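To start, the structure under review is shown below, and the notes come after it.
The values are calculated or read from the model by the stated rules, or taken from the named source; none is laboratory data. Note that the structure is a prediction, hence the values are computed from the model and not measured. Here Cβ is always computed from backbone atoms with ideal geometry, including for glycine, and neighbour counts include all displayed protein chains. Surface areas here come from the heavy atoms of the whole protein model, side chains and all, with no ligands, DNA or RNA. Shrake-Rupley method; radii C 1.70, N 1.55, O 1.52, S 1.80 Å.
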Amino acid sequence: MNSSLERARKIRTGGVYAFFIIGSIIMIFPFVWMFLTSFKTVEESMIVPPTILPQSWQIKNFTDAMASLPFFSLYKNTILMIIWRVVCAVAFSSMAGYAFAKLNFKGKNILFSLVLIQMMLPSQIFITPQYQMLAKVGLTNTIFALVFPGLVSAFGTFFLRQAYMGIPDEIAEAAYLDGCNQWQTFYKVMAPLTTASMAALAVFTAVFAYGDLMWPLIVNTDLKMMTLSSGLATLRGQFSTNFPVMMAGSLLAMIPMVVLYLFFQKQFIEGVAMTGGK
C-alpha cells in the first residue's frame, strides 16, 4: 500500500516537473531563436525548412544594426523616459494612494471610481487626446512627450492604496499625537513603511515603459528622439526585412532590461507575489 502511494506521488511530482520544464522551454525558445538568427545570413534566416544553427557566425549583423540606428540616442531617450516615468509614478501614486487610503474628503469614492475606470479602459483610447495636447503646445519630439502619459498612474495609485490600507490607522494617530502634521505623517512615518511596494511599482513601471511601442512611435517622429522599441520598428521593411539585423538590434535593445532585472530581480519577484496576493 505504501509503495503504491509512493509510486503515485513520484509520478505526480514527475508530471508537474515535466509540465514546468516544457513551459520553460516554450518561453525560452523565442529568445534562443532570436540569438541564433542574429548571427545568420539573410538567406539562412528565410530558408525553408529553417536551420537552427548558423553555418557561419555573422558578427557583421551587429555592426549593421548599430550603423542603421543611432543607438546612443535611443539608449539615452529610453533611460530618461524610464527614470522620469518611475519617479513620477512612485511620487504621485504614493501621495494619491495615501490620500485614498487614509484621508477622508468630499468626493473621495467618486474620484477613486474614476481611477478604477481608467484602469479598465484600454490605454489606446487616450493616445489621440494626449497627442493633441502636446501638439498644441509644441512639445512633440521631446523627452517630455515620452514621459507625458506616465506622469500619473492609475495602476500605481490603486497598488499603493492597497499597501497603505494594510498599515494600521493607529500608527498615523500616534504620529499625530507626537506633533506631526498630515504631510509629516505621510513622508516621515507612512511612506517608509511602503518602500517594498514602491520598489515593486518602480520595477513594473520601468518594464511597462520599456515595452511601450505605440506612443513613442506616434509622438516622436524624429529618429534621434525615439526609444529603443520604436527605433527597432523602423528596421522593418515594407516588402522585405533583414531579419538577422533586426534580431541583432533586438539583442542590443535588451541590454537595459537585462541589467535592470539583474539589479532588481528581488523587487521584481516580490512585486509579482505582492500583486498576486492582493
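Per residue, how much accessible area does the chain show when a 1.4 Å probe rolls over the protein heavy atoms, in square angstrom?
Numbers: 16950 Å² over 278 residues.
Result: 61 Å² per residue.
Label positions at LEU111 and LYS10, each projected 7 Å from the Cα along the C-beta direction, are separated by 6.3 nm.
Counting only protein heavy atoms and a probe of 1.4 Å, the accessible surface of the chain is 70% carbon and sulfur. With R₀ set to 45 Å, the beta-carbon distance separating GLN55 from TRP183 gives a calculated FRET efficiency near 0.10. Listed by chain and number, the lysines whose C-alpha is less than 22 Å from the C-alpha of LYS40, apart from same-chain residues fewer than 8 away, are LYS60. Between the alpha-carbon centres of region 198-268 and region 151-183 there is a gap of 34 Å. Each peptide in 110-117, 61-68 receives the mean, over its residues, of other Cβ atoms within 10 Å, and ordering these scores from highest gives 61-68, 110-117.
Kindly point out which whole DSSP H helices in the chain project their C-alpha atoms 20 angstrom or further along the helix axis while averaging a Kyte-Doolittle hydropathy of -0.5 or above. Don't skip to the end; give the middle numbers.
Numbers: long enough: 2-37 (51 Å, 0.87); 71-102 (45 Å, 1.17); 195-211 (24 Å, 1.56); 255-277 (30 Å, 1.04).
Correct list, ordered by number: 2-37, 71-102, 195-211, 255-277.
Determine the shape class of region 199-266: with a ≥ b ≥ c the square roots of the Cα gyration tensor eigenvalues, call it rounded for a/c under 1.5, and otherwise prolate if a/b is greater than b/c, oblate otherwise.
Numbers: a/c = 3.02, a/b = 1.60, b/c = 1.89.
Oblate is the answer for region 199-266, as a/c is 1.5 or above yet b/c matches or exceeds a/b.
Taking a straight line from the alpha carbon of LYS188, these lysines sit under 18 Å away, with near neighbours fewer than eight places off in the same chain left out: LYS102.
Sort region 1-156 into rounded, prolate or oblate with this rule: let a ≥ b ≥ c be the square roots of the eigenvalues of the Cα gyration tensor; rounded if a/c is under 1.5, and if a/c is not under 1.5, prolate when a/b is larger than b/c, oblate otherwise.
Details: a/c = 3.19, a/b = 1.23, b/c = 2.59.
It is oblate, given that a/c is not under 1.5 and a/b is not larger than b/c.
Once divided by 2.2 N^0.38 Å, the Cα radius of gyration of the chain becomes 1.29. Can you give the FRET efficiency for LEU121 and PHE20, using 1/(1 + (r/R0)^6), R0 = 35 Å, r = Cβ-Cβ distance, to the nearest 0.05? Efficiency, rounded to the nearest 0.05: 0.50.
For region 1-91, what class follows from the C-alpha gyration tensor (a ≥ b ≥ c being the square roots of its eigenvalues): rounded when a/c is under 1.5, otherwise prolate if a/b is larger than b/c, else oblate? If you can, show how the numbers build up before the last one.
Details: a/c = 5.41, a/b = 1.49, b/c = 3.62.
Verdict is oblate for region 1-91.
Projecting the alpha carbon convex hull of region 99-237 along each direction and taking the average yields 10.8 nm². Sorted on the mean count of surrounding Cβ atoms within 10 Å across their residues, most packed first, peptides 150-162, 167-179, 69-81 read 150-162, 69-81, 167-179. Note on PHE208 and MET254: their simple-model spin labels are 2.4 nm apart, each label 7 Å out from Cα toward Cβ.
With Cα atoms defining each centre, region 68-89 and region 18-60 are spaced 29 Å apart in the structure. Between LEU223 and TYR261, the simple spin-label model (points 7 angstrom out along Cα→Cβ) gives 2.9 nm.
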